[in-house]
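These notes concern the structure reproduced below.
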Amino acid sequence: MNWITKALNFGEKIKKVLRKRPSKEDIANSDWTSCCKGPILKKDLENNLWVCNLCGKHHRISCRQRFDIVFGKNSYQILESPIPTEDPLNWVDTKSYKERLKIARKKTNQNCAVMIATLNKTLKSYLFAIVGAEYVLKWLPIGTHNWDKFVKPEYLTQVCKKNSLTLKRIDGMSFNPILNKWTVSSDKSVNYISEFKKI
């Protein structure tokens with residue numbers, strides 16, 4: 001066997017290995033995903049709020065999955081607001097702006113630009129989220145929250161405005177420990193949710 005035959009045989013082996021690799025659709029439809037120690041069941045990961053039991057890695061989740069975790073499945077309502085013109089500037093690029101919007105809407109399954117649920121940067125949020133939830137009640141591991149990363153609604157609105165996003169709605173979130181339930185409220189001093197649209 002000469003070197004040309006060996007090279008061709010090696011090429012065929014590589015093709016066989018590459019053929020056996022799963023596609024993105026196969027991976028998405030599989031019951032398994034990978035993490036630090038190898039494969040892990042998606043169901044186990046979902047039951048643990050998308051955090052790996054073995055290493056503590058927080059897996060990427062969609063906006064709606066996060067809302068399901070925070071507010072409970074089917075216990076919140078997403079309000080549809082009017083959608084602006086598809087391409088007011090007649091943007092020209094390798095793909096049309098309308099096509100990019102279609103792709104983004106299909107990927108995220110939502111029409112709005114940004115949905116945010118976060119913590120306000122106040123003394124009350126420090127006392128409730130860090131001191132209360134982490135140290136006193138031990139609901140969360142110590143160090144889960146970083147107060148320096150909390151965001152005031154005014155600052156969030158400012159940043160979004162600079163990026164051509166306008167605030168459509170902002171509400172506070174309150175937790176009732178007796179009922180173990182989150183509710184929408186007017187108090188934005190600890191948790192709040194907001195929706196921004198492209199200008």
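Read-outs: derived from the displayed coordinates by stated rules, not from any lab. Keep in mind that this is a model prediction, so the values were computed, not measured. Backbone-built Cβ (ideal geometry, glycine too); neighbour counts: all protein chains shown.
How far, in nm, would the chain grow between F175 and K161 when pulled straight, counting 0.36 nm per residue and subtracting the alpha carbon separation?
Full-extension gain reported as 2.1 nm.
Going Cα to Cα from K121, which aspartates and glutamates come in below 18 Å? Please leave out same-chain ones fewer than 8 positions away.
E134, D148, E154, D171, D187
So if R0 is 22 Å, what FRET efficiency would C63 and L140 give, r being the distance between their Cβ atoms, rounded to the nearest 0.05?
Efficiency, from the Cβ-Cβ distance: 0.55.
Over 23 Å between Cα atoms: which of K161/K181; K73/K181; K24/K106; K42/K107; K42/K198; K24/K107 fall into that group?
K161/K181; K42/K198
For the residue pair K24 and L101, what label-to-label distance in nm results when each label sits 7 Å from Cα along the Cα-to-beta-carbon direction?
Reported label-point gap for K24 and L101 is 2.3 nm.
Per-residue counts of other Cβ atoms within 10 Å, averaged by peptide: what ranking do you get for 157-164, 103-110, highest first?
Ranked by mean Cβ neighbours within 10 Å, highest first: 157-164, 103-110.
Take the Cβ-Cβ distance between S189 and N90 as r, set R0 to 41 Å, and report the resulting FRET efficiency rounded to the nearest 0.05.
0.40
Using the Karplus equation 6.51 cos²θ - 1.76 cosθ + 1.60 (θ = phi - 60°), what ³J(HN,Hα) coupling, rounded to whole Hz, does each residue of region 145-159 give in order, writing x for Gly and Pro?
9, 10, 4, 5, 8, 5, 10, 6, x, 4, 5, 4, 4, 4, 4
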